[in-house]
1. Working only within the range 130-148, note down all residues that are assigned to a helix (DSSP H, G or I) and more than 22 Å from residue 163 (Cβ to Cβ).
2. Out of the residues in the range 200-216 meeting the condition of being near the ligand (Cβ under 8 Å from one of its atoms) and not in a helix (DSSP H, G or I), tell me which one is modelled with the lowest pLDDT.
3. Among the numbered criteria (1) free of Cβ contacts under 8 Å to residues at least 60 places away in the same chain; (2) more than 16 Å from the ligand (Cβ to nearest atom), which single criterion is violated by residue 153?
4. Could you please let me know if residue 160 is more than 9 Å from the ligand (Cβ to nearest atom) and out of contact with any helix residue (DSSP H, G or I) (no Cβ under 9 Å at 6 or more places or on another chain)?
5. Provide a single number: the residues in the range 55-68 that are free of Cβ contacts under 8 Å to residues at least 40 places away in the same chain, surrounded by fewer than 13 Cβ atoms within 10 Å (Cβ to Cβ) and outside any loop (DSSP other than H, G, I, E, B).
6. State which residue is nearest to the chain's Cα centre (by Cα) when the search covers only the range 69-109 and only residues that are more than 18 Å from residue 39 (Cα to Cα) and surrounded by 18 or more Cβ atoms within 10 Å (Cβ to Cβ).
7. So which residues in the range 177-199 are in a loop (DSSP other than H, G, I, E, B) and either within 13 Å of the ligand (Cβ to nearest atom) or more than 20 Å from residue 18 (Cβ to Cβ) (or both)?
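The values are calculated or read from the model by the stated rules, or taken from the named source; none is laboratory data. The model shown is predicted, which means the values in this text are computed figures rather than measured ones. Cβ sites come from the backbone with ideal geometry, for glycine too, and all protein chains shown count toward neighbours.
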Ligand code: SF4
């Protein structure tokens, strides 16, 4: 694939779906908490958890640090996997206090690669969550890929379905200009298409790729 083809896909999605204005959050810390809680959870259930944390006035590093894990579990229950996720929130703020004195700006102002490495060293933060934090909380260009990205682009015939996270991320970064706005918007558009049309059982009517999509001409099992 040529770089301009990927840009064409981006522009077609943008024209069809419009700007998504991600990430929906009032603060950088809220982005981080949302990125952790949204793992394997529908966003509407994450929103309930975030509202609960806001209502308790603990949606800040000190608030999470000073709240008992059992209390956190109750507040974030709607987001699922609350045992693991409450621990992940604790692990994140513990790391922040231990290494950056609780100062989120100090952490987020690290050079991109150092920040990503730091985040990946925290229990419960994998590549997708780390890249979401680098891109949407630190505002540094690190492309986020996910299951929707793999599904859509393999169905389009652009990548192999078995591609791993880092190779898929590199594919986008090597073929796009290193532009923060495009990185932020492209990932959001991919998620929107995945939710709206390119589901497990795709709804191809109304998809902007329609007949140019390889999936329409082949059995999915062959992709
Ligand atoms: S045409 Fe269908 S399979 Fe192809 S990207 Fe659109 S929704 Fe997915």
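1. Answer for the range 130-148, where residues must be assigned to a helix (DSSP H, G or I) and more than 22 Å from residue 163 (Cβ to Cβ): 133, 136, 137.
2. 213
3. (2)
4. When the stated conditions are applied, residue 160 does not pass them.
5. Of the residues in that region, 1 qualify.
6. Among those that are more than 18 Å from residue 39 (Cα to Cα) and surrounded by 18 or more Cβ atoms within 10 Å (Cβ to Cβ), it is 108.
7. Passing the criteria: 177, 178, 197, 198, 199.
Matching residues to (1) closer than 27 Å to residue 42 by Cβ; (2) assigned to a helix (DSSP H, G or I); (3) outside the structural domain of residue 8 (by TED's automatic domain parsing):
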{"site": "83", "(1), (2), (3)": "yes, yes, yes"}
{"site": "88", "(1), (2), (3)": "yes, yes, yes"}
{"site": "98", "(1), (2), (3)": "no, yes, yes"}
{"site": "105", "(1), (2), (3)": "no, yes, yes"}
{"site": "114", "(1), (2), (3)": "no, yes, yes"}
{"site": "124", "(1), (2), (3)": "yes, no, yes"}
{"site": "128", "(1), (2), (3)": "yes, yes, yes"}
{"site": "157", "(1), (2), (3)": "no, no, no"}
{"site": "167", "(1), (2), (3)": "no, yes, no"}
